[in-house]
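Right, one structure below, let's go through it.
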Amino acid sequence: MSSIKLFESKQIRSFWNDTAQKWYFSVQDVLEVLTNSIDVKQYIKKMLSRDEILKSNWGTICTLVEMEAADGKKRKIQASDTKGLLRIVQSIPLRMTESM
């Protein structure tokens, strides 16, 4: 079951996993909302270069989940459950607005 959540009128793609009984959220969408980053993919690369522990656990924290992209097509994107998102949020510098 896919769904769109709104946070301050910005969309965050989400997916309910029946087997795991938990929600997964688009990492890219969450970081875009929290950081106002222009290029979220570059932001993630920079964030991983600053936090070696996060980088080494990225494959465990994030999983590929099929969600609808902006063009309406289904694509596998990096997603994380609530626990994983909290770990990712810990790596965002205090100055949350960063233009890249």
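The values are calculated or read from the model by the stated rules, or taken from the named source; none is laboratory data. Because the structure is predicted, anything quoted here is derived from the model rather than measured. Here the Cβ positions follow ideal geometry from the backbone for every residue, glycine too, while neighbour counts run over all protein chains shown.
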Point to revise | Residues that are assigned to a strand (DSSP E or B), closer than 17 Å to Gln11 by Cβ and among the β-branched types (Val, Ile, Thr), drawn from region 35-85 | key: Val65, Ile77
Review point. Just one of the numbered conditions (1) modelled with pLDDT of 95 or more; (2) in contact with a Lys or Arg (Cβ under 9 Å, 6 or more places away or on another chain) is not true of Gln28; which one?
Key: (1)
Revision key, fill the gap. The residue that is surrounded by the fewest Cβ atoms within 10 Å (Cβ to Cβ), considering only those in region 10-34 that are acidic (Asp, Glu) and part of a helix (DSSP H, G or I), is Glu32
